[in-house]
Amino acid sequence: MTPQNPSDDSRWSDLDRPPLNAVALRRGLVREGGLYREIEVVQQTGSTNSDLAARAEAGKADEGAVLVAEEQTAGRGRLDRRWTAPPRSGLFFSVLLKPTEVPVARWGWLPLLTGVAVATGLSRAAGVDTALKWPNDLLVTVGGEERKAGGILAERAGADGVVVGVGINVTLRADELPVPQAGSLALAGAVGTDRDPLLRAVLRSLEDWYGRWRAAGGDPSASGLQETYTAGCATLGRVVRAELPGERAVVGEAVALDGDGRLIIATDQGMQEPVGAGDIVHLRPA
């Protein structure tokens with residue numbers, strides 16, 4: 001892991017992608033009584049989630065620690081899928097949360113909460129319509145097509161912590177997309193792609209939603225989280241295929257989210273099956 005070096009001219013090799021301003025980020029986000037305690041920006045690392053989880057397990061990070069990387073070389077999504085992008089082309093960061101006053105059974109809402117926070121923050125700061133694909137993808141529209149522009153990965157860190165990692169494609173150009181189904185805020189027509197205000201907006205939104213959820217004891221209904229996620233979820237109302245562990249698949253209409261954040265799929269056999277983990281494929285529009 002290499003710290004930022006202001007004298008490193010390679011940081012400016014792409015003038016459309018200036019580096020993040022760590023000092024300004026700290027000044028704008030770290031405050032007395034707030035969630036964030038420290039914000040560190042590194043030039044490159046394998047995975048911000050892995051790094052921050054290791055610090056938490058070693059007792060070297062507190063709740064509200066934020067680790068941001070200008071480039072990730074071993075970023076991971078769900079199911080250990082790789083997430084790679086050119087340096088400074090996106091936002092790649094992790095946050096350590098310790099919701100000890102919330103029953104562990106409700107911690108499964110944290111990736112969904114993060115999705116709501118990211119979508120809300122980006123809609124305000126980038127002016128882009130975003131949608132959420134259950135359980136953890138951020139979707140944008142590029143050329144009339146639904147594309148994945150971001151993802152979320154939540155992992156336990158020690159006995160009382162969760163590291164929430166976020167990756168967002170900001171300025172990726174069409175010829176830089178890792179797969180045809182990918183997108184970016186720029187390709188979706190964002191009115192602003194300056195990563196500093198985008199990151200501030202997302203982290204402030206995360207602080208707000210996390211505070212609401214924690215104050216409600218993790219209750220997704222009382223905190224407004226379940227209703228808001230449902231309203232912004234592109235998966236609901238669509239015919240989907242859920243690819244489940246054990247090579248099992250369930251096909252049907254995604255009709256609701258239950259109180260545990262599970263996706264309820266109504267099958268052709270008249271069954272309503274809750275899905276708590278798996279890969280979701282959108283088969284056709286709502």
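Values in this text are rule-based calculations from the coordinates and carry no lab data. Here the structure is a predicted model, which is why all the values come from computation and not from measurement. When we count neighbours, we look across all protein chains shown, and the Cβ atoms used for this are built from the backbone with ideal geometry, even at glycine.
General observations
- A dipole drawn for the stretch 50-193 from +1 and -1 charges on Cβ atoms has a positive end, and of ALA125, LEU112, VAL95 the residue lying farthest that way is LEU112.
- Karplus 3J(HN,Hα) series, Hz, for the stretch 110-117 with 6.51 cos²θ - 1.76 cosθ + 1.60 (x for Gly, Pro): 4, x, 5, 4, 5, x, 4, 5
- The charge dipole of the stretch 123-229, taken about its Cα centre with unit charges on the Cβ atoms of Lys, Arg (+1), Asp and Glu (-1) only, comes to about 120 debye.
- Only the Cβ atoms of Lys and Arg (+1) and of Asp and Glu (-1) were treated as charged; on that basis the dipole of the stretch 236-284 about its Cα centre amounts to roughly 140 debye.
- Each part gets one Cα centre, and for the stretch 20-75 versus the stretch 125-153 those centres are 24 Å apart.
- The chain: most fluctuating residue of GLY143, GLY115, GLY252 per GNM, C-alpha cutoff 10 Å: GLY143
- Antiparallel %, DSSP beta bridges [both residues in the chain], to 5: 85
- Put a plus charge on the Cβ of each Lys and Arg, a minus charge on the Cβ of each Asp and Glu, and nothing anywhere else: the dipole of the chain about its Cα centre is then about 200 debye.
- The overall shape of the stretch 236-284 is rounded: from the C-alpha gyration tensor, with semi-axes ordered a ≥ b ≥ c, the ratio a/c is less than 1.5.
- Straight-distance candidates among the lysines for linking to LYS60, with alpha-carbon spacing under 17 Å and chain neighbours fewer than 8 residues away dropped: LYS98.
- Counted residue by residue at 0.36 nm each, then reduced by the alpha carbon distance between them, the extension gain from GLU227 to VAL104 reaches 42.2 nm.
- FRET efficiency for the ASP16 to ALA58 pair, using the beta carbon distance and R₀ = 35 Å, is estimated at 0.40.
- Calculated Kirkwood radius over Cα pairs in Å (choose from (1) 20.3; (2) 19.3; (3) 20.8), label: (2)
- Phi to ³J(HN,Hα) by Karplus 6.51 cos²θ - 1.76 cosθ + 1.60 over the stretch 164-175, Hz, x for Gly, Pro: 9, x, 10, x, 10, 7, 9, 10, 4, 8, 4, 7
- Other residues with beta-carbon under 11 Å from the beta-carbon of LEU244 carry, at +1 per Lys or Arg and -1 per Asp or Glu, a net charge of -2.
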